[in-house]
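Since the structure comes first, as structure tokens, the remarks are kept for the end.
Each reported figure results from applying straightforward, stated rules to the coordinates on display, with no laboratory input. This is a predicted model, so every value here is computed, not measured. Don't worry about glycine lacking a Cβ; one is built from the backbone with ideal geometry, like all the others, and counts go over all protein chains shown.
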Amino acid sequence: MTRRARSVFRAGALGAMLLLATVTSRAMCFEAAGQRYGVSPLLLRAVARQESNLNPRASHRNADGSTDIGLMQINSSWVPTLARYGVHAHDLWDPCANAMVGAWILASNFRRMGDTAMALGAYNAQDPQKRLAYARQVLRHYARLKAEEEIALGAAAPSLNPTPTPARRR
């Protein structure tokens, strides 16, 4: 391998490691937020996938003048409420803080409305039909993420029978 090829390979490997570290740290944010507020970390990831495609720098300006911020697209209308708890608008750009706030909002929806699709949909919409449509989209992401997780765990799981079983004699 040439010196240039090794350099390119190392740069690519470093980039892959940084990406993996970012994904892993973000996964830990969902775990911590889910544990703190009693919401499935996988459901939090599904909401973030729906809201921002897991982009912590996502921002969306709404027709009403509010802005959705970060990974979980926390609406700026929450800022006055969050300020009472010491969380400010600039904090929402931190992926872990954003995941915590998203988990807090979802948990309060579930407490208020029960563990239902309507409570999940209330994360995004006021209209009942839009809530159900949103919940269906998030649950599709959830199912996909669950399947990916099971495949990854299956591939990473150690064999229960590491030695080959001898063939039976007839």
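Putting +1 on Lys and Arg Cβ atoms and -1 on Asp and Glu Cβ atoms, find which of G65, I105, V39 reaches farthest to the positive end of the dipole of region 25-113. Most positive-ward Cα: V39.
Where the only charges are on Cβ atoms (+1 Lys, Arg; -1 Asp, Glu), what is the dipole of region 39-152 about its Cα centre, to the nearest 20 debye?
220
Computed from backbone phi, the HN-Hα couplings of region 118-129 come to 5, 5, 4, x, 5, 4, 10, 9, 9, 5, x, 5 Hz, rounded to whole numbers (Karplus: 6.51 cos²θ - 1.76 cosθ + 1.60, θ = phi - 60°; Gly and Pro given as x).
At 25 °C and 0.890 mPa s, what whole-number value in µm²/s does Stokes-Einstein give for the translational diffusion of region 39-152, with Rh from the Kirkwood sum over Cα pairs? Diffusion coefficient, whole number: 172 µm²/s. Take the Cα of S40, step 7 Å toward its Cβ, do the same at W93, and the gap between the two points is 3.3 nm.
Pairs of Cα atoms nearer than 8 Å and 6+ residues apart set the relative contact order; for region 39-152 it is 24 percent. Scanning residues 5 or more positions from I74 or on other chains, those with amide H under 5 Å from its amide H are I69, with H placed 1.01 Å from N in the peptide plane.
Around the amide H of L54, modelled in the peptide plane, lie the amide H atoms of R49, all under 5 Å away and 5 or more residues distant in sequence or on another chain.
Summing charges over all other residues whose Cβ lies under 12 Å from the Cβ of S52, with Lys and Arg as +1 and Asp and Glu as -1, gives +2.
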